[in-house]
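J.: One structure, as structure tokens, below. Some questions next.
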Amino acid sequence: MITLSESASKELAAFFASHDDAKKSIRVFFAPGGCCGPAASMALDDAAEGDETEVLDGITFCMQKDLYDKVGAVSVDLGYMGFSITTERPFADPGQSGCSSCGGGCSSCH
């Protein structure tokens, strides 16, 4: 279900080491986006009944089953601007965006 790069794994371990009170459970979801449409995101959250879950490095990752069925496997990496989350299949069809001014032609969205 999920793959963590070494750098993402180390960053998450450092976060949880410095936040003893945080539950080690992360939800993967799509947040409403601007020009490029919804963006894959992560947040601290407990798994719910019916979620797809996987435990990696002592952290439970969860995602709504229907979302997992749509986007497939998730990869998490760490770059200079934070976590980068990619999915096996795109959330929306290529060319669709939330921006009426570019009509889906923004090069940064594709």
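J.: For Cys35, indicate whether it is of a type in the set (A, V, I, L, M, F, W, C) and modelled with pLDDT under 95.
T.: Considered against the rule, which asks whether it is of a type in the set (A, V, I, L, M, F, W, C) and modelled with pLDDT under 95, Cys35 comes out as yes.
J.: Take the stretch 1-33 and flag every residue that is under 11 Å from Leu44 (Cβ atoms), part of a loop (DSSP other than H, G, I, E, B) and small (Gly, Ala, Ser).
T.: Residue satisfying the conditions is Ala22 alone.
J.: Please work out if Met1 is surrounded by fewer than 16 Cβ atoms within 10 Å (Cβ to Cβ) and in contact (Cβ under 8 Å) with a residue 24 or more places away in the chain.
T.: Values: surrounded by fewer than 16 Cβ atoms within 10 Å (Cβ to Cβ): yes; in contact (Cβ under 8 Å) with a residue 24 or more places away in the chain: yes.
Yes, satisfied.
J.: Right, another one. Among the residues of the stretch 74-89, how many are out of contact with any Lys or Arg (no Cβ under 9 Å at 6 or more places or on another chain) and not in a strand (DSSP E or B)?
T.: 3
J.: Pairs needed: first member in the stretch 55-74, within 13 Å of Met42 (Cβ to Cβ); second member anywhere, among the polar types (S, T, N, Q) and buried (at least 18 other Cβ atoms within 10 Å of the Cβ); C-beta distance under 6 Å; at least 6 residues apart or different chains.
T.: Taking only residues 6 or more apart or on different chains, the pairs are Val74/Thr87.
J.: Only residues that are in contact with a strand residue (DSSP E or B) (Cβ under 6 Å, 6 or more places away or on another chain) and of a type in the set (Val, Ile, Thr): list them for the stretch 28-58, please.
T.: Answer for the stretch 28-58, where residues must be in contact with a strand residue (DSSP E or B) (Cβ under 6 Å, 6 or more places away or on another chain) and of a type in the set (Val, Ile, Thr): Val28, Thr53.
J.: Right, next: Identify the single condition in (1) out of contact with any Lys or Arg (no Cβ under 8 Å at 6 or more places or on another chain); (2) buried (at least 17 other Cβ atoms within 10 Å of the Cβ) that Phe15 does not satisfy, given that it satisfies every other one.
T.: Of the numbered conditions (1) out of contact with any Lys or Arg (no Cβ under 8 Å at 6 or more places or on another chain); (2) buried (at least 17 other Cβ atoms within 10 Å of the Cβ), the odd one out for Phe15 is (2).
The values are calculated or read from the model by the stated rules, or taken from the named source; none is laboratory data. Model, not experiment: these values are computed from the prediction. Note: ideal-geometry Cβ built from the backbone for every residue, glycine included; neighbour counts use all protein chains shown.
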